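Participant: Got a structure for you, questions after.
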Amino acid sequence: MSTGLWGFAAMIALLALGVPVAYAIGAVAIVGIYIAIGPVFLLSTLQSLPYAFASDYNFAVVPMFVLMGALAARSGIITDLYAAAFKLTSHIRGSLMMATVMAQAMFAAISGSTTVAASIFTRMALPEMTRYGYNRGVSAGCVAAAGTLAGLIPPSIAMVLYAVLTGEPVGKLLIAGIFPGLLTAAGYLVGIRLMLIFRPEWAPLIAERFTLKDKLKAVSNTWAVFLLIGLVLGGIYFGVFPPSAAGAVGAAGVLVIALSSRRLPRGALWDSLIESARISAMLFLIVMAGLLFSRFLLISGFIGELKTFVMSVELTAAMFIAMVLVLFLVLGCFVDSVSLMVITLPFLYPISKALGIDGIWFGVLVIKLIEIAAITPPVGLNLFAALSAARGELTSRELFKGVVPFLVMEAVILALLIAFPSIATQLPAWMD
Amino acid sequence: MTALAQWIEKAALAVCASAVFLMMFVGALDIVMGHTVGFFLSFKVELSGTLLASCIFLACGPVQRASEHIRVDLLEPMMGPTFLRVRDVATLICGGLVIGLIAYGLWQQALKSILIFEASADTSGFPVWPWKLACAIGASLCVLTLLAQLIQKLRPARATATEGSA
């Protein structure tokens, strides 16, 4: 146990110092394995694990999902989604916030990155909301919060990484995120409506009205996106193709849409391909280090002893979930989502299994908590994405205050997810 | 960055971008052909995996050079210049250890692969060894990047110390 604990302490010290997550976790794992079992096992692990992991076809979905989002962001598809959502809701108070939530939910279905969604929509939606006299902080809070939908609604990179770290089936995890994602989007819409009943001054009514013809035209402009969403999600759900192939189909689909509508700027494809490679390299290194760290914890006996300890104190599943909630909400304020999963899942997942918790449901819960943490001040990742994208037009104080109503909404949605696990587990169960 | 290093980085990224494009193309083509004419590409799985690995390791160097790695920077505003220097050196040493050992493992794999001119197990039999070699080269380039950054990081320290003593 002591080697494992020392390993944890060293990792936390390196992370606090600001050493990149991949290097901090990887270095501790390497030194830990060396101390625990010796150089022979360490070197043989390093000969097999990195290539075996990086060349696993199942994980080819990560660069493909990143590529999908990068191409969609560069090709202006988002503008169409936002315009359609705005025209549909323009007669309602808070229409721009609602349009942001709806467009982000749709964008989430073609992009797996929450921070990308938050920064793109901040640049697009925040100036609009400010122009119509919306409260800047609440508007930015809305954009940052709705950005988290990309974590749940497939294709979600976070879900794929959870699958890599735990061995749960990727396809089922991706599908499991659909209902919780839609529930979150619906929760935001209802929440915005209720919030504006009490605080109408945060979102003045917009005088602009659109005819049914305008609305239908705007929606029809987004047909390709709906087709793509149906193709990718339907393909995974009905088992027409595996998630890894769905990524390739989705990315190719976005490319075809962008090229056929002649909206892909010169060099955008190349930039998107390079962005996809760079982000994937960054993510793979972290997860690779996480897998090494898992092996270290297992070899050092930490996992086994932790399980025995958990059983000896008669920890129930409910108590464990409560502890996980606190842990993620606290740690999530300081550590980004990928790193948080890599640091905690090697010991949390085995305990959850020992307690008989459904791995798919636990995955959805973990992602949900991580996404809530991403909008929790002071260090929520999405808040920073929104702040940097606002380019000085927004103070952190305004944003931190503005995101509070959305944190309240998230608390309600989280309670529903815990009270009714079938929200997450029903769709994957139907796949069997 | 020297012109040579710039050229190498551009070349590495060009291979990465091409690999990602090929993965997308092959993956989509396999589905389209499989569901239209009933012909699935037998090499899809192995080719995509091989391309993915080379893309990941070739992109490591550019990611390191641009300091794009995720880090927890919560305490950074409280750190003085000395502490920041310690942080940077610790980063480069940890990175060197991790990537260095990964590069060692990849070279072992690449050399074994080259010796037998390893080809894919599927019917296409495309050569796998060049991609394994690319992985090893990519990781090694990242180690070189880390080494260059470490030397650069230690250099001003010496200069400052000399100035101080003078």
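Computed from the coordinates by the stated procedures, all read-outs in this text should not be read as laboratory data. Computed from a prediction, not measured in an experiment: that's the story for all the values here. Cβ placement follows ideal geometry from the backbone for every residue including glycine, while neighbour counts extend to all protein chains displayed.
Participant: If all Cα-Cα distances of the range A:286-342 are sorted into 5 Å bins from 0 onward, what percent lands in each bin, rounded to whole numbers?
Facilitator: All Cα pairs considered, the percentages come to 4, 16, 16, 20, 25, 16, 2.
Participant: Quick one: which residues, 5+ away or cross-chain, put their amide H under 5 Å from the amide H of residue B:119? H built at 1.01 Å from N.
Facilitator: Residues meeting the criterion, in which the H sits 1.01 Å from N, are B:128.
Participant: Once label points are set 7 Å from the Cα along Cα→Cβ at both residue A:211 and residue B:104, what is their separation, rounded to one decimal in nm?
Facilitator: Here the modelled spin labels are 7.4 nm apart.
Participant: Right, something else. Going toward the positive end of the dipole of the protein assembly as shown, with +1 on Lys and Arg Cβ and -1 on Asp and Glu Cβ, which of A:423, A:404, A:3 do you reach last?
Facilitator: It is A:404.
Participant: Let me ask something else about it. Spelling out what I want: for every residue of the range A:46-53, take phi, set θ = phi - 60°, compute 6.51 cos²θ - 1.76 cosθ + 1.60 (Karplus), and round to whole Hz; glycine and proline get x.
Facilitator: Rounded to whole hertz, the list is 6, 6, 9, 4, x, 6, 4, 5.
Participant: Looking at the calculated P(r) for the range A:27-104, what percent of the C-alpha pair distances fall above 22 Å? Could the numbers behind the result be given before it?
Facilitator: On the way: 1745 of 3003 pairs.
The share of Cα pairs beyond 22 Å in the range A:27-104 comes to 58 percent.
Participant: What fraction of the Cα pairs in the range A:240-368, stated in percent, has a spacing above 19 angstrom?
Facilitator: Beyond 19 Å sits 65 percent of the P(r) for the range A:240-368.
Participant: Suppose only helical runs count, i.e. DSSP H with n ≥ 4. What mean residue ellipticity at 222 nm does that imply for chain A under -39500 (n - 2.57) per run, divided by all residues and rounded to the nearest 500 deg cm²/dmol?
Facilitator: Counting only the DSSP helices, I get -25000 deg cm²/dmol.
Participant: Can you give the Rg/Rh ratio of chain B, where Rg is from the C-alpha atoms and Rh is the Kirkwood radius?
Facilitator: Numbers: Rg = 20.8 Å, Rh = 18.5 Å.
Ratio of gyration radius to Kirkwood radius for chain B: 1.13.
Participant: What is the Å³ per residue value for the convex hull set by the Cα atoms of the range B:115-159?
Facilitator: Dividing the Cα hull volume of the range B:115-159 by its residue count gives 57 Å³.
Participant: Where the only charges are on Cβ atoms (+1 Lys, Arg; -1 Asp, Glu), what is the dipole of chain A about its Cα centre, to the nearest 20 debye? Walk me through the intermediate numbers first.
Facilitator: Values: 24 positive and 18 negative charges, 234 e Å.
About 1120 debye.
Participant: Helix by helix, which DSSP H runs in chain B go 27 Å or more along their axis at the Cα atoms and have an average Kyte-Doolittle hydropathy of 1.0 or more?
Facilitator: Those that clear 27 Å and a mean of 1.0 are B:3-36, B:81-115.
Participant: Which value, in Å³ per residue, describes the convex hull spanned by the Cα atoms of the range B:8-62? Display every interim value, and only then the final one.
Facilitator: Numbers: hull volume 3.0 nm³, N = 55.
Cα-based convex hull of the range B:8-62, divided per residue, equals 54 Å³.
Participant: Can I ask one more? Would you be so kind as to identify which of B:110, B:127, B:48 lies farthest towards the positive end of the dipole of chain B, taking Lys and Arg as +1 and Asp and Glu as -1 on Cβ and the Cα centre as origin?
Facilitator: The listed residue farthest towards the positive side: B:110.
Participant: Take the Cα gyration tensor of the protein assembly as shown, multiply each eigenvalue by 5, square-root it, and list the three semi-axes largest first, rounded to whole angstrom.
Facilitator: Those come to 37, 29, 26 Å.
Participant: Sequence neighbours fewer than 8 away in the same chain don't count; with that in mind, list the lysines whose C-alpha is under 16 Å from residue A:307.
Facilitator: Within the straight-line limit of under 16 Å, residue A:307 reaches these lysines: A:353.
Participant: How many angstrom separate the Cα center of the range A:154-202 from the Cα center of the range B:74-113?
Facilitator: The distance from the Cα centre of the range A:154-202 to that of the range B:74-113 comes to 35 Å.
Participant: What lysines sit close enough to residue A:87 to cross-link, taking a C-alpha to C-alpha distance under 17 Å and skipping anything fewer than 8 places away on the same chain?
Facilitator: Straight-distance partners of residue A:87: A:213, A:215, A:217.
Participant: Using only the alpha carbon atoms of the range A:170-317, find the Kirkwood hydrodynamic radius as the inverse mean reciprocal pair distance, in angstroms to one decimal.
Facilitator: Mean inverse Cα-Cα distance, inverted, gives 21.0 Å.
Participant: Another question, if that's okay. Reachable lysines from residue B:132, Cα under 16 Å, same-chain residues fewer than 8 places away excluded?
Facilitator: The reachable lysines, counting only those whose Cα sits under 16 Å from residue B:132, are B:112.
Participant: Scan chain A and hand back the longest stretch that contains none of the trypsin sites (Lys or Arg not before Pro) lying in DSSP loops with at most 10 other Cβ atoms within 10 Å.
Facilitator: Result for the longest clean stretch: A:1-208.
Participant: I've got another one for you. Please turn the phi angles of the range A:260-266 into ³J(HN,Hα) values with the Karplus equation 6.51 cos²θ - 1.76 cosθ + 1.60 (θ = phi - 60°), one per residue in order, whole Hz, x for glycine and proline.
Facilitator: Values per residue, Gly and Pro as x: 5, 8, 6, 10, 8, x, 4 Hz.
Participant: Still on this structure, please answer the following. Label-point separation (nm) for residue B:84 and residue A:221, each offset 7 Å from Cα along Cα-to-Cβ?
Facilitator: 4.5
Participant: In addition: Over all directions, what mean area does the Cα convex hull of the range A:154-220 project, stated in square nanometres?
Facilitator: Across all orientations, the range A:154-220 yields a mean hull projection of 7.3 nm².
Participant: Given charges of +1 on the Cβ of Lys and Arg and -1 on the Cβ of Asp and Glu, with all other atoms neutral, how large is the dipole of the range A:1-154 about its Cα centre, in debye to the nearest 20?
Facilitator: Here the range A:1-154 has a charge dipole of around 520 debye.
Participant: On to the next question. Where the eigenvalues come from the Cα gyration tensor of the range A:256-314, what are the semi-axes √(5λ) of the equivalent ellipsoid, largest first, in whole Å?
Facilitator: Numbers: eigenvalues 447, 39, 7 Å².
Equivalent ellipsoid semi-axes, largest first: 47, 14, 6 Å.
Participant: Each residue of the range A:87-93 in turn: what ³J(HN,Hα) in whole Hz from Karplus with 6.51, -1.76, 1.60 and θ = phi - 60°, glycine and Pro shown as x?
Facilitator: Values, residue by residue: 5, 5, 10, 4, 7, 9, 5 Hz.
Participant: Another one. Of B:15, B:82, B:140, which is farthest towards the positive pole of chain B's charge dipole, taken about the Cα centre with +1 and -1 on the beta-carbons of Lys, Arg and Asp, Glu respectively?
Facilitator: The residue sitting farthest along the positive end of the dipole is B:82.
Participant: Let's see if you can work this out: charge +1 on each Lys and Arg Cβ, -1 on each Asp and Glu Cβ, no other charges. What is the dipole magnitude of the range A:84-186 about its Cα centre, in debye to the nearest 20?
Facilitator: For the range A:84-186, the charge dipole is close to 300 debye.
Participant: Here is a follow-up. Of A:398, A:371, A:201, which is the most mobile in a GNM of chain A whose springs link Cα atoms less than 10 angstrom apart?
Facilitator: A:201
Participant: Any idea what the alpha-carbon Rg over 2.2 N^0.38 Å comes to for the range A:10-152?
Facilitator: Against the compact-globule rule of thumb, the ratio is 1.49.
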